[in-house]
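The values are calculated or read from the model by the stated rules, or taken from the named source; none is laboratory data. Keep in mind that this is a model prediction, so the values were computed, not measured. Methodologically, a virtual Cβ is constructed for each residue, glycine included, from the backbone with ideal geometry; neighbour enumeration extends over all protein chains shown.
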Amino acid sequence: MLKPPAVALCESRNFAIAPSRWGHHHLKTRPGVRDAPPEVSAPSPEGSERRFRLLDEQIRVLERERQKLSAVVHHTDAGFLVLDASLAVAWANSVFARRFSRGAHPVALVGAACNKVLCGEDKICEQCPAARPFVTGSVAHHEMRLETPGEIRDLYVTAVPIKSLAGETDQCIVMVQDVSDLQVLRRSQESLKASEERFRSIFENAATGMATVNTEGEFMQVNAAFCKFLGYTPEELVGKRVDQITHPDDRATTGQVLQQGRSGSLRVVEIEKRYLRKDGSVAWGHTSATWIQDARGRPLYSVALVQDVGERKTAEEALRRSEARKGAILDTALDAVISIDHRGTITEFNPAAEQMFGFRRDAAVGRNMAELLVPPRLLEGHQRGLERYLELGTGAVLGRRIQIQALRRDGTEFPVELAIARIPLDGPPTFTGFVRDLTDIKQAESALRQREEQLQHAQKMEAIGTLAGGVAHDFNNLLTGILGYAELLKMGSKPGEKVHQAAEVIERAASRAASLTQQLLGFARRGKHQNVPVDLNATIQEVMGLLVRTFDKNISLRQEFTPHSAAILGDPGQVGQIILNLAVNAADSMVEGGELAFRTEVVELTEDQRRRQDGTRSGPFVLLSVSDTGSGIPPEVLPRIFEPFFTTKECGKGTGMGLAMVYGIVQNHGGFIEIDTTVGRGTVFRLYFPLQRSEDRPEGAWSAEGDVMPGNGTILVVDDEEAVRCVATAFLEEMGYRVLTARDGAEAVEIYRSSLKSIDLVIIDMVMPKLGGRECFRALKEINPRLRAILSTGYDFNTVAQEILDEGMRGFIQKPYQLRQLSEVVAAALAA
């Protein structure tokens, strides 16, 4: 027979139903069952049925609640204990036994002390949460940490009092929850919150601009530094797109980076770009952006840090421009600039160095400078200097300019000026050398020295020539008297007479003296000088005809003539004389025989020759080379060979005038001389004469041939030399002329003024005291513009003489002169 549900429920809970005196059942505890509720006595007959049904309904409700509670208790993660007033376990669910009592069976826990079951302690905890409900009658909450071998757990304990019908707490329910995971979560949440607060604080107070940007490129948040950087307010920037504040030239790159971030292919990016400020100005910013992604890796937004790098960019641009300027300076520098490290390795090699040394920069950089550019003979000294500096920190060549030899790529050495400085940088020492090619300067200095030597030599020769010319002039004045009176003595005596013989001796001696003065004047470029075409080839052949008959047979003669015209304008006798003098000197140097060669050719002067021969006209020159295989000229003798009376020959074998005469004649013909000589091998004299293009006979050439020409009239002789005046007077009177004399130009003017109508001709000396020949002639012309005059001088017919003749003189005669020569000049002047 089925029992009513209420009865079954009571029996299942160890409750018995007992009859009650009131006719309804009373619950009473079965004997032997601890803490069982009282049995139910039988109800009174009149109300038992109704009450039983009511009770049954209540029991059913309780059963449903019990099932709910049982489901919660047995299927929750929390452990449950029911404790009595002695804190002993009256009941435990399976969760508590499994999770908090190391898997013990729930029944095994009944009767055990709470502190032993939950904490593993032998005594009650000082702050036991389960004891508080018995004391306070209220719910107690407690957090505790349970440590077991290999495990630490955070527990949350809730103790709920269970009151008896009398209202006293005689039991409590203890719920134990493992909140370790919750603690982690809470700590994570707290950490996240703190992190968010820190981020917010950093974001808002950072000195660097910061912003968050969504996947559409729109600003979500901006900090004060970013706003200050661009000149916007936060409200103006939030919602604005990034490209709206980006320089147009950088928008494409910015868009590409944004697209890569949206696609997830780029998580972190760094970029330097130009921003547009609110006022329109451009600002450089270094942007570092990180994309924040969700759990699936999808980008949510980016956090960007923007640093103002305007000053750095300005500095970089200034540095770039500075480097560009330095590079331009190096590239355009005329001097070579070479940098080396402490090992001597080339680190810099500018274009001037490339051109100077012949190496390209890429071929020079990385090479050892000494091995590349220093002559082998100087390598050891260079290496010692570098090692000394690295050891002692000092160098003999640092900070000053020195001149050394350098090496080109083709192996040739050349002079350079070198200045070395240490570059003031940290680390091992590095050096920069500034190299200037001195080749042109050295050549110019050499040319200048040569020019100075030539100038000094020319000045010396000019001084000697002036002295020689003055001496010759004075001698010619004296010889005019000597030769004139000798000729007069001969004219006044008969051959065979002692006077006639004495006059001939005097004439011969004076003629030799006159020849010497002609040599002196030839050296001084003031000797007799005909101005006619001279064929050098023909002149050489004439001289060689003489040499063949007079030179020793052990000297061979050779000639090589140009097929072109070798005509020059000059004096045939003087040209022949210089060829003969050079040949004689060559023969004297070939004591044991040798070869003497003459060679002519037509050449153009080189630029160097033109520079060295100031005043030499341009155009073709006839080069006459006279070479021998003799002893050569010693270097110490060479500078003096053209000096008059200088000779290295034995006494009585030379006058020292041969080469001096050659020098003077060549100079007088508008030419110059070059010499190549090697001691023991021979000498080459190279004589350059301007080529004569025209074969016409120059104006002013005259012949001294003819007989004495008589005449009549009055002639005024003006000369400061008494002997000349006397001889001229005697000659002119012999010709039939009446003669007046004056000692100088001033006296001549007075005489001419007083005897103007009677004087037919004036013979004027060119060089006189008080009033010279030119000034005298001009003064006389002022008196008589139709004046007839002849110029007389002991000097050559030179430029000054020509200028005086160009002013209107009728003729020229050089002292010493003979009666016949004077008669021809006078007759020609009077007939003009």
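One table, with the values for the structure above:
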item	result
The stretch 701-748, subset closer than 20 Å to residue 482 by Cβ and loosely packed, with under 14 Cβ neighbours inside 10 Å, residue modelled with the lowest pLDDT	704
Residues being farther than 20 Å from residue 492 by Cβ and either touching a residue at least 60 places away in the same chain (Cβ under 8 Å) or not in a helix (DSSP H, G or I) (or both) - total across the stretch 723-749	6
Of all residues in the stretch 546-599 being part of a loop (DSSP other than H, G, I, E, B) and over 27 Å from residue 532 (Cβ atoms), the one that is nearest to the chain's Cα centre (by Cα)	590
Some residue of the stretch 752-760 being assigned to a helix (DSSP H, G or I) and either surrounded by 17 or more Cβ atoms within 10 Å (Cβ to Cβ) or of a type in the set (Asp, Glu) (or both)	yes
Test: residue 801 is within 28 Å of residue 485 (Cα to Cα) and either surrounded by fewer than 19 Cβ atoms within 10 Å (Cβ to Cβ) or in the same structural domain as residue 743 (by TED's automatic domain parsing) (or both)	yes
Answer residue from the stretch 307-352, given it is assigned to a helix (DSSP H, G or I) and of a type in the set (Gly, Ala, Ser) and is farthest from the chain's Cα centre (by Cα) among those	310
Residues (within 18 Å of residue 209 (Cβ to Cβ), surrounded by 11 or more Cβ atoms within 10 Å (Cβ to Cβ) and charged (D, E, K, R)) located in the stretch 307-327	308, 312, 313
Options 506, 441, 540, 482: the member that is under 30 Å from residue 374 (Cβ atoms), assigned to a helix (DSSP H, G or I) and at pLDDT 80 or above	441
Check on residue 808, modelled with pLDDT under 85 and of a type in the set (Gly, Ala, Ser)	no
Residues satisfying the stated conditions in the stretch 286-295, i.e. out of contact with any helix residue (DSSP H, G or I) (no Cβ under 8 Å at 6 or more places or on another chain) and part of a strand (DSSP E or B)	286, 287, 288, 290, 292, 293
Only listed residue being assigned by TED's automatic domain parsing to the domain that holds residue 657, surrounded by fewer than 19 Cβ atoms within 10 Å (Cβ to Cβ), within 16 Å of residue 598 (Cβ to Cβ) and of a type in the set (D, E, K, R), chosen from 549, 558	558
Filtered residues of the stretch 444-467 (kept if of a type in the set (Ser, Thr, Tyr) and at pLDDT below 75)	466
Total residues in the stretch 600-647, condition outside any loop (DSSP other than H, G, I, E, B) and touching a strand residue (DSSP E or B) at 6+ places or on another chain (Cβ under 9 Å)	17
Listing of helices (runs of 4 or more DSSP H) fully contained in the stretch 358-438 that carry 2 or more residues being touching an Asp or Glu at 6+ places or on another chain (Cβ under 9 Å) and among the aromatic types (Phe, Trp, Tyr)	none
Number of positions in the stretch 802-820 that are assigned to a loop (DSSP other than H, G, I, E, B) and of a type outside the set (A, V, I, L, M)	7
Selected residue [surrounded by fewer than 16 Cβ atoms within 10 Å (Cβ to Cβ) and hydrophobic (A, V, I, L, M, F, W, C)] from 779, 828	828
Subset of the stretch 623-662 (residues that are over 21 Å from residue 678 (Cα atoms), modelled with pLDDT under 80 and of a type in the set (A, V, I, L, M, F, W, C))	645, 651, 657
Residue 541 vs. criteria assigned by TED's automatic domain parsing to the domain that holds residue 659 and under 24 Å from residue 641 (Cβ atoms)	no
Some residue of the stretch 110-122 being surrounded by fewer than 18 Cβ atoms within 10 Å (Cβ to Cβ), without any contact (Cβ under 8 Å) to a residue 60 or more places away in the chain and farther than 19 Å from residue 88 by Cα	no
Helices (runs of 4 or more DSSP H) (entirely within the stretch 222-285) containing at least 2 residues that are in the same structural domain as residue 202 (by TED's automatic domain parsing), over 20 Å from residue 207 (Cβ atoms) and hydroxyl-bearing (Ser, Thr, Tyr)	251-263
Residue in the stretch 294-303 that is among the acidic types (Asp, Glu) and either surrounded by 12 or more Cβ atoms within 10 Å (Cβ to Cβ) or outside the structural domain of residue 273 (by TED's automatic domain parsing) (or both) present	no
